[in-house]
Every structure is written in structure tokens, then in C-alpha cells.
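Below you'll find the structure, written out as C-alpha cells, and then a few comments.
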Amino acid sequence: MNIIKVKDYEALSEVAANIIIEAVKSKPEISLGLATGGSPVQLYANLVKDHKENKTSYAGVSTYNLDEYIGLDPSHEQSYNTFMKNNLFNHVDINLANVHLPNGNTSDHEAEAKRFEELVANTTIDLQLLGIGTNGHIGFNEPGSSFDGKTAVVDLVQETIESNARYFEGNEDLVPTQAISMGVGTIMRAKAILLIASGKNKAEAIKWLVEGEVSEDLPASALRNHPNVTIVLDEDAASLLQ
Ligand code: GLP
């Protein structure tokens, strides 16, 4: 694993955005795996800024998002579909036909998970962006998820519901309890992985990911078995590392 430590969230967002920008420039038809959450917000803003200032084009880029809440229509303001439009897709020249997220509002969630897994299986994700949950989840693969897991309907644990309540008026009762998420096995098929983590609340998970035991109890530790992983950390997220 290539570990890059920087000062703060701002520096992290710049370094990680530059990795993606360089990847897009070197392969204009790149297939990107994308993530949501607070961690990549400034990174996406940097991609938008670069697109406007330097004309980096996303016209040939395809994207596959990690996950989506079950029960929220794609148009819901807290859906990951809306997040991606607000933070990236509406501000660059990407072709929305090449943008792929699971749909959390179909009549058959299992079938939708299967459809999405097949879609991802039929492409090679060149670069997968990941955040990490405080409990070490990637996508919505909570502790105990199989390292071989495929895209599936998953249950969110209480810790995740609590930490995501900030996006739902601080009200845990409004947070969906399930999601459709790429599995750890799905994620591991990406050619390269870029994980970002910022803040003290991520330090324990990062310590385990980098120095602890590879175990399904910390889903992100699967990445230790991946040949091409870059982790960008700010000082707080790296603060427990030896
Ligand atoms: C969310 C998402 C993950 C994300 C993680 C951390 O629940 N499903 O993809 O990486 O939790 O989120 P944040 O970046 O807001 O800390």
C-alpha cells in the first residue's frame, strides 16, 4: 500500500483530486468507481474547478458508484444519486448515460443488486475511490461482510446510522436502514484503489487497516490483499499510526 500523509482535509482533497485528474488525462475513456459521504466533497469540488479552469474532459468517462440507500428515490435530496449530481455530474461534461448507480427505489431490490453487480462485472474499473466508515466499512459493507461479497442488499449497523444522521436533520429515524452496496469482492476487482480518510474519528479504523490483522471484522483490511492501493490521510486520520 502506498500511504500518503498530508496536513489536513484541504491538502488531502487536492492530492487525491490530482490522482484522479491525472488518471482521466492519461485514459480519457477511464472507468471510475466513485464514493459518496463527507470525505470526497472537496475532492469533487477540485475536479469541477479543474474541469472549468483546465478543461479536463469527462466526456469519455464512465462511472460506477459504490452504493445507494434503499427506500430513497434517486431524486430524493439525500440519495447518493442526488449527491453525485450536486457534487460532480452536473458540473462537468460527463455523459449521464455513462453514469451508473444502484437504484434504491425499485420494486425488487435483490434483482436491482444483481443487475448492478452484472454491470460492474462487465467492465473493469480502472480506479476506485473509497472513503472509510469509523467502523472500517467500505461502501456499505459493515464489519463481518465477506471479502468475496458481491453487490447486495445490506443492513446498516447502528454506528453507521448514527454517523449518517447528520445528513438527515440529525434524526436517526430518517436514515434508511438498508442499502444496495458493491460487495468487498466487487470492490477488490478494481485495478487500482484510492482510499481517503480525514479526521480523528477515522484514526482507529486507519490504524487497523494499515497495521492490524486482515479480517472481515474490518472490511477495509481486505485492501491489504490488493496489489494497487493508495491511501491519502490527513494528520488526524494518521495520528495513531506507528
Ligand atoms: C458512508 C458511505 C461510505 C463512506 C463512509 C464514510 O456511509 N456508504 O461509502 O465512505 O460512510 O463517510 P464519510 O466520508 O462521510 O465519513
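Bear in mind that the values in this text are calculations on the coordinates, not laboratory data. The structure displayed is predicted, hence computed values, not measured ones. Here the Cβ positions follow ideal geometry from the backbone for every residue, glycine too, while neighbour counts run over all protein chains shown.
Between Ile21 and Asn90, full extension at 0.36 nm per residue minus the direct alpha carbon distance yields a gain of 23.1 nm. Dipole magnitude for the chain: about 920 debye, using +1 per Lys or Arg Cβ and -1 per Asp or Glu Cβ, origin at the Cα centre. For the pair Ser75 and Glu159, the difference between a 0.36 nm per residue extended length and the Cα-Cα distance amounts to 27.7 nm. Separation of segment 135-158 and segment 8-59, taken as the distance between their Cα centroids, equals 26 angstrom. Rounded to the nearest 20, the size of the Cβ-charge dipole of segment 78-211 about its Cα centre is 460 debye, with Lys and Arg at +1 and Asp and Glu at -1. Relative contact order of segment 2-234: 25 percent, from C-alpha pairs under 8 Å at least 6 residues apart in sequence.
Its DSSP H runs of at least 4 residues, each contributing -39,500 (n - 2.57), put the calculated 222 nm mean residue ellipticity of the chain at -9000 deg cm²/dmol, to the nearest 500. Shape verdict for the chain, please, from the Cα gyration tensor: rounded (a/c under 1.5), prolate (a/b greater than b/c) or oblate. Because its axes are fairly even, with a/c under 1.5, the chain counts as rounded.
Expressed to the nearest 5 percent, the antiparallel share of DSSP beta bridges inside segment 2-234 is 25 percent. Entry note, segment 94-158: relative contact order of 30 percent, from Cα contacts under 8 Å with a spacing of 6+ residues. Cα-Cα over 26 Å: which of Lys5/Lys49; Lys150/Lys200; Lys7/Lys202; Lys114/Lys207? The pairs that break the limit, which is 26 Å between Cα atoms, are Lys150/Lys200; Lys114/Lys207. Counting 0.36 nm for each residue step from His226 to Lys191 and taking away their Cα separation leaves a gain of 11.7 nm.
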